[in-house]
Amino acid sequence: NIGSDSRTPIFIIGFVRSGSTLLERILDAHPLIVGTGEDSVFNGRLDTIRTNIVEASMVGDPQVLQHTVKNLADDVVADMKSRWEVIDANMHHEDDEEEDRPYPTRFADKMLLNYLNVGFIHLLFPNALILHVAREPMDCIFSAFKHDFPPGGLDYTSEFEGVAQLYHSYRDLMEHWDKVLPGRVTHVRYEDMVTDLPNIAPKIIEAAGVPWDPSVLDFHKKKHAVNTLSTTQVRKGVYSHHFKEWKRYEKFLQPLLDLVQSRAKYDLKTTLPGYSKIVTEPARP
């Protein structure tokens, strides 16, 4: 390992509409963890990171490469902290207790497409937690298909061919990372978060390297500038009524199912250390 020893960043990766906002809110409910949303410092610096690493590699001196990678990692962490400080300074804290909040030690980056960049994340932050949130495939793909995302990079999700191709690419890459960096990515099933929250939440926090805080289970009561399409669901709490929702439209979704093929099933299990699933009946709205 030539990167930083820092565990400050936490990277949340996965397919769009996979349940990442729920995972981020669980983390952010802890007083020592801040969810920074999709405004990714790492992703924003990626071009510079790539260029600097290539240039350092061409020097032929391992110490130059190590120094470069560590400096790049330190810059990412420093920028994460400075951005949070600016945002926090402009927030109105309504109660006096907020003034005594501890300074965060973890910052969760929820740029889902960073599943493309696990190699660079590992190079810069070999000790940082990478959480891959995975959801039942057809629920996830159908949710992405039916949502009207802002114009931009997700336009292709509005067509069966586009969203299926994207999903296959995502699964290819996740299988690749598990093969070349076995155990490096920690998988978290969305369904486990919904049906087994009291048991899985402590393991998520433990994996982040901070002490357990019972207030995490009340994450939906905490004020936060959630700005994704999952805002409403997250603030209402955790429900399971949307499981297998795509089945209601199976007749019309058959062409999409044909494109997804065998990947309509995903046998991936939650790999949080020490987690053993206990099925409970989740609340219903």
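The values are calculated or read from the model by the stated rules, or taken from the named source; none is laboratory data. Treat the numbers as computed from the prediction; the structure is a model and nothing was measured. So basically every Cβ, Gly included, is an ideal-geometry build from the backbone, and we count neighbours across all protein chains shown. We work out accessible area using only protein heavy atoms, side chains counted, and drop any ligands, DNA or RNA first. Shrake-Rupley method; radii C 1.70, N 1.55, O 1.52, S 1.80 Å.
Output the residues belonging to segment 205-215 that are buried (at least 17 other Cβ atoms within 10 Å of the Cβ) and either farther than 13 Å from L32 by Cβ or out of contact with any strand residue (DSSP E or B) (no Cβ under 9 Å at 6 or more places or on another chain) (or both).
Matches in segment 205-215: A207 only.
When segment 1-59 is examined, which residues are found to be β-branched (V, I, T), open to solvent by 30 Å² or more (accessible area, probe 1.4 Å) and touching a residue at least 60 places away in the same chain (Cβ under 8 Å)?
Taking segment 1-59 and keeping what is β-branched (V, I, T), we get 2, 8, 10, 12-13, 16, 21, 26, 33-34, 36, 41, 48-49, 51, 53-54, 59.
Subsequent filtering for residues that are open to solvent by 30 Å² or more (accessible area, probe 1.4 Å) retains 2, 36, 48, 51, 54, 59.
Correct list: I2, T36.
Quick grid of which residues meet (1) at pLDDT 90 or above; (2) surrounded by 13 or more Cβ atoms within 10 Å (Cβ to Cβ):
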residue	(1), (2)
D218	yes, no
T232	no, no
V238	no, yes
E245	no, yes
L256	yes, yes
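Quick check on A73: is it small (G, A, S) and surrounded by 22 or more Cβ atoms within 10 Å (Cβ to Cβ)?
For A73, the condition - small (G, A, S) and surrounded by 22 or more Cβ atoms within 10 Å (Cβ to Cβ) - is met.
Residue by residue through segment 266-278, note down the ones that are exposed (fewer than 11 other Cβ atoms within 10 Å of the Cβ) and either touching a His at 6+ places or on another chain (Cβ under 9 Å) or not polar (S, T, N, Q) (or both).
D267, P273, G274
Please note which helices (runs of 4 or more DSSP H) are completely contained in segment 1-111 and include at least 2 residues that are farther than 27 Å from P202 by Cα and among the basic types (K, R).
Counting at least 2 such residues, we get 62-89.
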